[in-house]
Amino acid sequence: MSNFISAEQLGHSFQDNWLFKGLNLGLNAGQRMALVGVNGAGKSTLMKILSGKIQPQEGKVVGNKELRVGYLDQEPLFDAAQSIAEFIFSMDNVQQQLIRRYEELIEDPNADETEIGKLTDELSNANAWEYEHTIRQILGTLGIHHYEQKIGTLSGGQKKRLALAKLLIDDPDVYILDEPTNHLDIDTIEWLEEFLRIGNKTILLVTHDRYFLDNVCNEVAELENGKVYTYKGNYSYYLEKKAEREAMDASSLEKNLNLLRKELEWMRRQPKARTTKSKSREDNFYEIEKIATAKKQELSLKLEMKMNRLGGKVLEMKVVRKAFGDLNVLDGFTYTFSRGERVGIVGKNGIGKSTFLNMIMGTEMPDTGKINHGDTIVFGYYSQKGLVFKHDVRVIEYVKNIAENFPLAKGGSLSAAQFLQLFLFSPDQQYTYISKLSGGEKKRLQLLAVLFKNPNFLILDEPTNDLDLATLNVLENFLMDYQGCLLLVSHDRYFMDKLVDHLFVFEGNG
């Protein structure tokens, strides 16, 4: 079976740091591969190289020149002045242009019946009705309706859905998807799973959504320390095999650490003059040190937080009403939160979930009704807005500006540096400037900053977007032991199943 796309001896660096070197990877027709690895490992960079968006510094990508590769960026870029229709319907696609004209006429109340009739015939002659139905289904499911709307007026989530719609409509030979489930509600995620599974599609994707990964992918490629390990199977199979590999690694880690001690003794004994031979031993030492410390760093997280104790009264909402025009968010909602409550919030995009959170925190007022806060409540809020920092500082400085230490329940505390290490920031990374972090690493830092404030009422709005699976495991372990109130908005079904006791489902009728 010949590879659709082959990466041969790829090497690429970012900010003087090699993400990978000598990397080989092949994608065959009909293969649905998930790419996993920690934030900053180079997943997005590798996908951009494979899709031809950027050139690798070393090695090459080999593929059939006729191959159409579709790439969904994590942060798609648009021409703000373009309309949705101009973006969606390709000028060089005759069927798409006919469909575009037909859709516009149907939306126009003053359209000429004769012209509609003529277009109907043309669509029949071009065998485009099935395609028209597919396009309408894709746009409708992804919530894209007003074709003349300018892209500049859309929200971040709408733009991501628009980019996804365009890619699905174009139906490329190879789908390369970076976090396709971000900004999608649960129903749409399930629809997308089904869409990608049918028709023997060839797919390479990065996703934090483990059910999605399990349902769509039949192979997992892990990018770790600049190397790729492939596993022929779904996510569950990958976890099992990775555990086996790491058990074997554990014995070699012990050897590595023993080697490291010997090398360290040798380096301390060395006179300052360096021969070529000693230089190669020194390089070898740094290589072993890197492997050994990388493994050591995958610490499990067991944090007993010492938080302000929540009093008897936590938060109560009495006959709360809130509406925006036709959208009825809450209609006479009454609820009393108790200590240690874990609530998941689900519902379609734009149905008022964020408004509900803002009312709970007191940043938005209800139309009528009362919201009473307990005296001891300390909110921690992780929003979708991203990391806010006034000027570029190092990661460690950013965290120390919040607090020097994190108090533990059984006495003692963790320093900012130790806390950062628990959230997978190596000592090197702690002295990196925030602006040099990858998108996922910034999200990880934002999350850690919220938790470091030691809140007793934690509100997380889509925390799983752009986080890697390793960080998600760290976060889940942290939240499993969390004693305060937890309010979680997420479309990540796996994450919800693991962490919440009950759900508030918003349906748009108050």
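The values are calculated or read from the model by the stated rules, or taken from the named source; none is laboratory data. Since the structure is predicted, the reported quantities are computational estimates derived from the model, not experimental observations. Cβ atoms come from the backbone with ideal geometry, glycine included; neighbour counts cover every protein chain shown. Please note that ligands, DNA and RNA were not included when accessible areas were found on the heavy atoms of the full protein model with its side chains. Shrake-Rupley method; radii C 1.70, N 1.55, O 1.52, S 1.80 Å.
Results, tabulated for the structure shown:
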| quantity | calculated |
| --- | --- |
| Under 5 Å, built H, 5+ apart or other chain: amide partners of ASN349 | ASP185 |
| In region 18-142, lysine pairs closer than 23 Å at Cα, eight or more apart or cross-chain | 9 |
| Å² per residue, accessible surface of region 331-432 at 1.4 Å | 51 Å² |
| Long-range amide H partners of LEU205 with built H, under 5 Å | MET33, ALA34, LEU35, LEU177 |
| Antiparallel bridge percentage (DSSP; both residues within the chain; nearest 5) | 50 percent |
| Mean shadow area of region 67-142, taken as a quarter of the surface of its Cα convex hull (nm²) | 6.8 nm² |
| Region 1-128 - percent of accessible surface contributed by carbon and sulfur, probe 1.4 Å | 47 percent |
| Hydrodynamic radius (Kirkwood) for region 370-510, which is based on Cα pairs only, to one decimal in Å | 16.3 Å |
| Qualifying GluC sites (Glu not before Pro) in region 1-91, DSSP loop, other Cβ atoms within 10 Å at most 15 | GLU66 |
| Region 142-182, accessible area per residue, ligands and nucleic acids excluded (1.4 Å, Å²) | 32 Å² |
| Per residue, in Å², the accessible surface of region 1-80 once ligands and nucleic acids are set aside, probe 1.4 Å | 53 Å² |
| Mean separation of Cα contacts under 8 Å, 6 or more apart, over the residue count of region 113-230: relative contact order % | 19 percent |
| Per residue Cα convex hull volume in Å³ - calculated over the chain | 186 Å³ |
| Relative contact order (%) - region 168-239, alpha-carbon pairs under 8 angstrom, separation at least six | 27 percent |
| Sum of -39500 (n - 2.57) over DSSP H runs of 4+, divided by residues of the chain (222 nm, nearest 500) | -12500 deg cm²/dmol |
| Heavy-atom accessible area order for MET496, MET361, largest first, 1.4 Å probe | MET361, MET496 |
| Carbon plus sulfur fraction of accessible area for region 349-499, probe 1.4 Å, in percent | 49 percent |
| Relative contact order of the chain, pairs being alpha-carbon contacts under 8 Å that are 6 or more residues apart, as % | 17 percent |
